[in-house]
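*Asks:* Just passing along the structure, written as structure tokens.
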Amino acid sequence: MHPLHAYPLKPFLLAFPVTVLLTVAGMPTETNAAEDAPVKLESAETKPRQGQTTPGEASAQPDTAPDPEKTTETLREVSITATRTEREIFDVPSSIAVIGPKQLAHEPQATIAEQLRDIPGVQVNDGGIGGGAKRVSIRGESGSRVLVLIDGMKISEQKSMDGSMIMIDPLNIERIEVIKGPASVLYGSEAIGGVVNVITKKGGTRPVQGTLATTYNSATNSLTPYASLYGSYNGFSYRVSGDYTDADDKRGADGKLPNTGYMEKNWSAYLDYAWEKGRVGAGYDHYWSSNSIPGVVTTETTTNTITAGMGSLNVTGPATVGIDLDLPKWKRDRVYAFAEFDEISEALKKIKLTPFMQWTHKDFTNTISLDYDAGAPSPMPPPGGRFLFEQTMEQDIWTRNKQTSHGLNLQTDWMLGASHYVIAGMDYLYDDLDASTETTMDMLLRMRPNSNNPFIPWVEVPAQTYTNYIYKGSQKTLAAYVQDEWLITPDWTATIGLRATWIDSKLSDTNDPALDERSTTDSHVVGSAGLVYSGFEDWRLRGTYSQGYRYPSLNQLYIGTSHGNSGYNYPDPNLQPEKSNNFELGARYDANGFVGDFGVFYSMADDYIAMKSLPNTFDNQFTNMDSAITYGAELILSYTFEPWELTPYVSGAYLHRRYDQGENGGKTSDTGDPHWTGRAGLKYEHRYSSRFSVYADAFGRFSSRAKEKIDDDTTDYQAGWGTANLALGARFGEERNVFVDLGLNNLFDKRYTPAKSSVEDAGFNAVVRVGMEF
């Protein structure tokens, strides 16, 4: 029996309420102060550790942004994603970035992904969709290699070409944490490129609190009203919130960009109950969107085989292909619960159990039109004669994808002696996919001999086809992991981890004659090791080795897709999982107003999954490349002049990638990634009184040019670009609870298209957010 079959989800779900009831029933009514003392690794340089927070949590905070009087940048902010427990960024061995409440408030953006684009090594692209469906790539790795978590729970996509979209309201976010580089040991497949963990707001600090706000985006002429009610009372915390956006087509530097509008709706509810050594809770959130997609018209010379009564002919000529796409529905519903218990024993410091379910529904329409005009050698007399051919075709494709995901995360924290903080746990995920593709095609073939005789008629051969193929499949993943944070000496801390993964993937039902019902299984172990040196005051030196692992999706293995171009993207059931080895060195400094974080990295990936073009067709197929090599450097540097409350800063990244496609195309460094990206600016923040504070940030963004080799004859180029931008804002009122935030983007109305995007970015635009908290 495969290991997954021995671990169905239902027993875990049944055990969850029983565990909660038994634990609550056994809670002591009195506590020992000595037992509640903070757990810590015995080093003056190490932050006290209680394991009070795990990747799905946020503390109860009012929605108000942090006090602007605290203007100094810092790396002392706590992160929970990098090590799955509380740890300051300063001490983490991996490369991580945190976008906290201040930055989220000071730079209002239309989508969450756009909040991430200034992190060194992170890029945002539209994934071929011109609306709000943005994807994130990290260090050149596409969205399908970046794991998206919401409150520590995975957003899974088995039928996507480019990974998961971050489907949640920006105003409902407490903070965003990004791991750059593989995190497969702690988070599994898809984390081969990195992790984005979006942590939502929870309860408040008073029984009843609320936020009312609206955001206007001039680029899409859209308003986003937002309302939230939240609070805490007698151990209970709660929050309900919602928003709505109806965006017009985006305005570029030269006018409106057709078919780039979108609509979005979000709402969520959360409730928990906490006591001195534990907490239980549950939540539900809903996301719905409808996205327009820009059409594409291409003309190229191609060779096709036409069969029409007289035999098969190879014809060559110009083909004009039009593609009209639409994404009328993309929705996600999630329900989850959790129970966590602290200080269970002297060694066992924490247990957290999180079962969840997600339902994703996506409708996709694709209309393809073809006009083809060519001559061909005739097999009929006279010898050497030619026929003229004209072919028109219109194909309507409607794809419906429904995915149900059942998940369970279990994490335990242990303090073993004074020097070992150990995290051990398991993750279970079952994705069930029910997809269908309905295709209607109308075709007309016209032909006649190549003659000047006007009395020779055209012969017309019409044809119509209809198919409705279904695809039902599933992928089960069970993983167990352990990580030991070991204080070797007061100056040296090692972090060592292992993860074992078992996967069972299958296409259980299809009526597509080109595909076979089949299944595959795999198991793999990955490891990581990090070392941090703290012997120099206010410095941390770090080094990390980590392995990455990514198993192909159902789409890549068994189903394929007909969207995104005029042909078909064929699956390959023999695809091998991607594996990588990664090395990173870095240094951090945080003192006397200076903040610096510098790192270099090198990654080697084998069996890299990519697309290859099939000869003499518009079709492609998923395939394993021999290897992909990535290396680069990332920098964050700032200095705060305390007397003037001014902070000049710069951040940026260098990236180089090389693909070795083996027999499929040799080696290339033209991967579509810019070598240089960055941001530089000057911040000002000042609190004039207890009732009034302001901030300003003038900055520029830039990217070098990017080029991507499509095939031996085609290379796409994206020009380098730079924009000037300004962010302004104020807080005022009795408790500075009224806020106004203004983002002025692309001040000089520059026309540009970010790398790996198909739609140019907005021209000059303003994003204004006004609101109040009560």
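*Asks:* Using only the Cα atoms, work out Rg/Rh for segment 422-529, with Rh taken as the Kirkwood radius, to two decimals.
*Replies:* So for segment 422-529, dividing Rg by the Kirkwood Rh gives 1.45.
*Asks:* For segment 519-662, what's the relative contact order in percent, using C-alpha pairs closer than 8 Å and at least 6 residues apart?
*Replies:* Across segment 519-662, relative contact order equals 18 percent.
*Asks:* Now a separate question. For segment 637-774, report the convex hull volume of the alpha-carbon atoms normalised per residue, in Å³, without decimals.
*Replies:* Convex hull volume per residue, Cα atoms: 136 Å³.
*Asks:* Order these by the 10 Å Cβ neighbour count, fewest first: I488, I496, I112, I609.
*Replies:* Going from sparsest to densest Cβ surroundings: I488, I496, I609, I112.
*Asks:* Excluding residues fewer than 8 places away in the same chain, name every one of the lysines whose C-alpha is closer than 17 Å to that of K579.
*Replies:* Of all the lysines, those that pass the test against K579 - Cα under 17 Å, at least 8 places apart if same chain - are K180.
*Asks:* By its C-alpha gyration tensor, with a ≥ b ≥ c as the square roots of the eigenvalues, how is segment 169-244 shaped: rounded for a/c under 1.5, else prolate for a/b larger than b/c, else oblate?
*Replies:* The shape class here is oblate.
*Asks:* For segment 516-563, treating each Cα as an identical point scatterer without solvent, what Debye log10 I(q)/I(0) comes out at q = 0.14, 0.22, 0.29 1/Å?
*Replies:* At q = 0.14, 0.22, 0.29 Å⁻¹ the computed log10 ratios are -0.61, -0.89, -1.09.
*Asks:* How far, in nm, would the chain grow between N234 and I488 when pulled straight, counting 0.36 nm per residue and subtracting the alpha carbon separation?
*Replies:* 87.2 nm
*Asks:* Now, a different point. For segment 481-576, what percent of Cα pairs sit more than 16 Å apart?
*Replies:* Cα-Cα pairs of segment 481-576 separated by over 16 Å account for 69 percent.
*Asks:* Using amide H atoms built 1.01 Å from N in the peptide plane, name the residues 5+ places from D761, or on other chains, whose amide H lies under 5 Å from its own.
*Replies:* Sorted by chain and number, the residues that satisfy this are Y752, T753.
*Asks:* Sequence neighbours fewer than 8 away in the same chain don't count; with that in mind, list the lysines whose C-alpha is under 16 Å from K472.
*Replies:* K159, K362, K402, K506
*Asks:* How much net charge surrounds T360 when only other residues with a Cβ under 14 Å from its Cβ are counted (Lys, Arg +1; Asp, Glu -1)?
*Replies:* +2
*Asks:* Further question: Assuming R0 = 60 Å, what is the FRET efficiency of L635 and F455, from their Cβ-Cβ distance, to the nearest 0.05?
*Replies:* That pair, L635 with F455, gives E of 0.20.
*Asks:* Quick check on segment 113-231: take the gyration tensor over C-alpha atoms, sort the square-rooted eigenvalues as a ≥ b ≥ c, and tell me if it's rounded (a/c under 1.5), prolate or oblate.
*Replies:* Cα axes put segment 113-231 in the oblate bin.
*Asks:* At a threshold of 8 angstrom on Cα-Cα distance, excluding pairs fewer than six apart, so keeping six or more, what relative contact order does segment 81-237 reach in percent?
*Replies:* 20 percent
*Asks:* Given Y608, G596, S580, which one lies farthest toward the positive end of the charge dipole of segment 568-609, if we put +1 on the Cβ of every Lys and Arg and -1 on the Cβ of every Asp and Glu?
*Replies:* The listed residue farthest towards the positive side: G596.
*Asks:* Could you grab the relative contact order for segment 144-198? Cα pairs under 8 Å, six or more apart, rounded to a whole percent.
*Replies:* 48 percent
Read-outs throughout are calculated quantities, based only on the coordinates presented, and are distinct from any laboratory measurement. Remember, predicted model here, so these are calculated numbers, not experimental data. Every residue, glycine as well, gets a Cβ built from its backbone with ideal geometry; the counts of neighbours run over all protein chains shown.
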